[in-house]
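Student: Have a look at this one.
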Amino acid sequence: MNKRVMVDMSATIIHHGHIRLLKKAAEHGDVIVGLTTDEEIVSKKGYQPELDFAYRKEILESIKYVSEVVATPWLLDDSTLTKHNIDLLVHGDDNSNDIAEEKLLIFPRTEGISSTDIRTSVMNVLAQKSSRNILLNPGPATTTYSVKMAQVVPDICPREYEFGDLMEYVSEELTKIVADPNDYVSVLFGGSGTAVVESVLCSVVPHDKTVLIVNNGAYGKRMCQIVQTYDMNYIEFESSPIEPIDLTKLEDTISNNSNISHLAIIHNETTTGILNNLDDLGALAKKYDLDLIVDAMSSYAAIPIDMKKQNIIYLMASSNKNIQGMAGVGFVIANKKAMQKVKDIKKRSFYLDLYSQYENFLKSHQMRFTPPVQTLYALKQAIIEAKEEGIENRYKRYSKSWEVLTSALKEMNLKYLVEDQYHSKIITSIFIPDGIDFNHMHDYFYDLGFTIYPGKVADFNTFRVANIGEIDYNDLNEFTKYLKGYLNNDNK
C-alpha cells in the first residue's frame, strides 16, 4: 500500500512551481492536496482568491500527480495529518506548519515564480497601457495599479457579513501599524481626514473641560476652527510653523490652566513639513494627566509611531496618504479604556459621534451609515502592500526621495522653510523664486505628469512637494531635472 503524502497549498494562481512540487511528491506515494479554504485565505492573506475553492479543487483533481484534494486550514499540525491518514507532509522551504520532523519532507521552491510574482506581472502589463501621474501634492498620493484594481469588485450591500469581515480586517490591521489591537481600536468613518479630527475633538472633550491646541500651521489652526464651531472651551498655543515647539512655554501654559484635560497636536504639520516630537509631547501629557490627541494624517504608515510608548490616546489618519489607498475613509485609532470614558459625554454631533460609531462597530463590524465600499476594498489592498513593504522600509524609500529633492534644491540655490534636523522628510515647503508665477509653474508640470501644490503659510511665498505614495527617488530625479530647466527659462 502506497504512503499517503500531503502537499498543502493555496493554489490561488496555479503555476509550474506547483506542478513540479506535486510531481516530486508523487515519487513518495499517493498525493493528497491539502487545499486552503477561501475563508482562511481571506483571514490570513487579506484578499479574496482569484478562483473560489471549488474551482481550485477541480483544477487540482485533473492533474495526474494528484489522487485526492481535501480542505485544510492555513496552518497544519499533526491532528490534520491524523484526520486524513497522512504519512508524510511535503512542503516548500518556506514551511511554517507545526509538524513532527519525521513526518516532514522539504523541497526547495521553484526559483523566480510565485502567485505574487504573477499578480505583479499582470499589474505591470496594465501599467504599460495606462498613464501614470506623479502626485507631489500631500495627498491623495500616487497609488499602485493593484490598489486601483482592487476597487473593481462585484457589487455588494455593505450590510452583508462578508463586508463586515473586510471592515474588521481593515480596522485591526490599521491598528497594528501603531498599537496593540488588544488595547487600541480603529474606528472608521466615510469622510476626509478633517472629518475624523472633528469627530475626536467634538466627542472626547467633556463639556466642562478645556482642550489645549498647538497651532504651528494651517492644520493646528483648523483644529481651533473646529472647536470654535462647537463653542468648546479651548486654549490656542501658537508656535512657529518652521521651528520646534517651545516645550517650556507649553508646560507653563498647562501648569497655569488646571481645567485642561486634552492636548491636541499635529505630528507632521502638512503646511511646512515640520515634525513635532511625539516622545516629548507624550511625556508632557503624561506628566499632567492629559489625553494626547494626535493628527497623524501626514505621518501615519510612514514615520514609526508607538501609541503606548508615546502616550497617545487618540490618533487620526486617512486612507489617501502614506497608507497609499484612495481618498474617502478617515479613521481614529483610540485607546479602548479611554473610549469607555467618552460614552457618557453629551453628544455634540450626530454623524461624527465617535462613541456611537465605535459601539456600532463592536456590534456589527459596520459603519453606522453607508460606507464608501470600493474605497474600503482599495484600502484593504493598500494595507496588504504596506505590510509587504514594511513601514520602516517605506519611510526609508520616502527619505531617499526627500534627499534627492533637497540635494537638487540646494544645487539650484532654492531655499525651503524647515531645517533638515526638524524635517519630516515627507513634505517640503519651497520658496518660489522672484518672477515665477505658481499657477504657470503648476500648469507646466501638470502637462508633464507632475502635480505640485501651493504653499499655505501666509508670510512666505512657497509651493509644496510631497514625496509620498507609489513614487521613488527616480521620479524625484526626473522632477528636479524639469524644475531646473523651468527655472532656466524653459518656461518662457
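Nothing in this text is a laboratory measurement; each read-out follows from the coordinates by a stated rule. Computed from a prediction, not measured in an experiment: that's the story for all the values here. We place every Cβ from the backbone using ideal geometry, glycine too, and count neighbours over all the protein chains shown.
Student: Could you bin all the Cα-Cα distances of segment 142-251 into 10 Å bins starting at 0 and give me the percent of pairs in each, rounded to whole numbers?
Tutor: Using 10 Å bins, I get a P(r) of 11, 27, 31, 21, 9, 1 for segment 142-251.
Student: Based on the Cβ-Cβ distance of Lys44 and Glu392, what FRET efficiency does E = 1/(1 + (r/R0)^6) give at R0 = 22 Å, to the nearest 0.05?
Tutor: Between Lys44 and Glu392 the formula returns 0.45.
Student: Using Cα positions and a limit of under 13 Å, work out the aspartates and glutamates in reach of Lys343, with same-chain residues fewer than 8 apart set aside.
Tutor: Straight-line reach from Lys343, under 13 Å: Asp353, Glu359.
Student: Let me ask something additional. Counting alpha carbon pairs within less than 8 Å and at least 6 residues apart, what relative contact order, in whole percent, applies to the chain?
Tutor: 17 percent
Student: For a bin width of 5 Å, list the pair-distance distribution of segment 396-483 built from all Cα-Cα distances, rounded to whole %.
Tutor: So the P(r) values, bin by bin, are 3, 14, 26, 29, 20, 7, 1, 0.
Student: Multiply the residue separation of Asn85 and His28 by 0.36 nm, subtract the distance between their alpha-carbon atoms, and state the gained length in nm to one decimal.
Tutor: Gain in length upon complete extension: 19.0 nm.
Student: Once a ≥ b ≥ c are taken as the square roots of the eigenvalues of the Cα gyration tensor of segment 257-385, is the result rounded (a/c under 1.5), prolate (a/b larger than b/c) or oblate (a/b not larger than b/c)?
Tutor: Judged from the Cα gyration tensor, segment 257-385 comes out oblate (a/c at least 1.5, b/c at or above a/b).
Student: Kindly express, to the nearest 10 degrees and within the range 0 to 90, the angle between helix 473-485's C-alpha long axis and the longest C-alpha principal axis of the chain.
Tutor: For helix 473-485, the angle is close to 40 degrees.
Student: So, one more: Rounded, prolate or oblate: which fits segment 4-115 when a ≥ b ≥ c are the square roots of the eigenvalues of the alpha-carbon gyration tensor, with rounded for a/c under 1.5 and prolate only if a/b beats b/c?
Tutor: rounded
Student: Which value in deg cm²/dmol, rounded to the nearest 500, describes the helix-derived mean residue ellipticity at 222 nm for the chain, given -39,500 (n - 2.57) per DSSP H run of n ≥ 4 and division by the residue count?
Tutor: Per the formula, -12000 deg cm²/dmol.
Student: Another question, if that's okay. Regarding the chain, what's the average projected area of the Cα-atom convex hull, expressed in nm²?
Tutor: 26.8 nm²
Student: Let me ask another. What Rg and what Dmax come out for segment 146-388 when only alpha-carbon atoms are used, in angstroms?
Tutor: For segment 146-388, the Cα-based Rg and Dmax read 17.4, 58 Å.
Student: Test of understanding: ordering Arg132, Arg368 by Cβ neighbours within 10 Å, fewest first, what list do you get?
Tutor: Starting with the residue having the fewest Cβ neighbours, the order is Arg132, Arg368.
Student: Please report the base-10 log of the normalised intensity I(q)/I(0) for segment 53-114, using a Debye sum with one equal scatterer per alpha carbon and no solvent, at each q in 0.24, 0.30 (1/Å).
Tutor: Reported log10 I(q)/I(0), two decimals: -1.24, -1.25.
Student: Using the count of nearby Cβ atoms within 10 Å as a rough guide to exposure, how do Tyr482, Tyr219 rank from fewest to most?
Tutor: Ordered by Cβ neighbours within 10 Å, fewest first: Tyr482, Tyr219.
Student: Answer rounded, prolate or oblate for segment 26-183, using the Cα gyration tensor with square roots of eigenvalues a ≥ b ≥ c: rounded when a/c is under 1.5, else prolate when a/b is larger than b/c, else oblate.
Tutor: Since a/c reaches 1.5 and a/b is larger than b/c, the shape of segment 26-183 is classed as prolate.
Student: Using the Karplus curve 6.51 cos²θ - 1.76 cosθ + 1.60 with θ = phi - 60°, work out ³J(HN,Hα) for each residue of segment 143-156 in order, rounded to whole Hz, and write x for Gly and Pro.
Tutor: Calculated HN-Hα couplings, in order: 10, 6, 5, 5, 5, 4, 5, 4, 6, 8, 10, x, 4, 9 Hz.
Student: With the cut-off at 20 Å, tell me which of the pairs Lys176/Lys380; Lys176/Lys387; Lys400/Lys456; Lys148/Lys396; Lys221/Lys425; Lys309/Lys336 have Cα atoms farther apart than that.
Tutor: In this structure, Lys400/Lys456; Lys148/Lys396; Lys221/Lys425 exceed 20 Å between Cα atoms.
Student: So, one more: Counting Lys +1, Arg +1, Asp -1, Glu -1, what net charge surrounds Lys286 among other residues with beta carbon under 14 Å of its beta carbon?
Tutor: That works out to -3.
Student: Tell me the angle of helix 438-447 to the major Cα principal axis of the chain, expressed in degrees between 0 and 90 and rounded to the nearest ten.
Tutor: 20 degrees
Student: In what sequence do Asp447, Asp252 fall when counting other Cβ within 10 Å, fewest first?
Tutor: Ascending number of Cβ neighbours within 10 Å: Asp447, Asp252.
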